[in-house]
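Presented below is the structure to which this report refers.
The values are calculated or read from the model by the stated rules, or taken from the named source; none is laboratory data. Keep in mind that this is a model prediction, so the values were computed, not measured. Note: accessible area is taken over every heavy atom of the protein model, side chains too, but ligands, DNA and RNA are not part of it. Shrake-Rupley method; radii C 1.70, N 1.55, O 1.52, S 1.80 Å.
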Amino acid sequence: MTARDVGAIIRERRRKLGLDQGALARRVGVGREWIVDVEKGKPRAGIELVLRTLTVLGLSLGVSEKPAPRAGKAGPAIDLDRIVDGARRTRR
């Protein structure tokens, strides 16, 4: 999840609740520009204010563990030996 994803979630929920950016800003205790920036996905928003915003919107942040990617590994394993063997067989 990225800052842009969180911003989109906040914007969608705000709209669903019928709030404009100014109304949400007042409830959170921030300026409207802060809401604008967060909804655009600006990555420098303070976590405390983001959590407060989510709470005001009736949302919560969940964290789940997923396997860490292995260093230097961009995608699924490729069996080069099988590919080379297959290419050799088609040449014969």
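Key figures
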item	result
Residue selected from region 31-50 under the condition aliphatic (A, V, I, L, M) and open to solvent by less than 70 Å² (accessible area, probe 1.4 Å), by the criterion modelled with the lowest pLDDT	ALA45
Residues that are of a type in the set (S, T, N, Q) and part of a loop (DSSP other than H, G, I, E, B), drawn from region 40-62	SER60
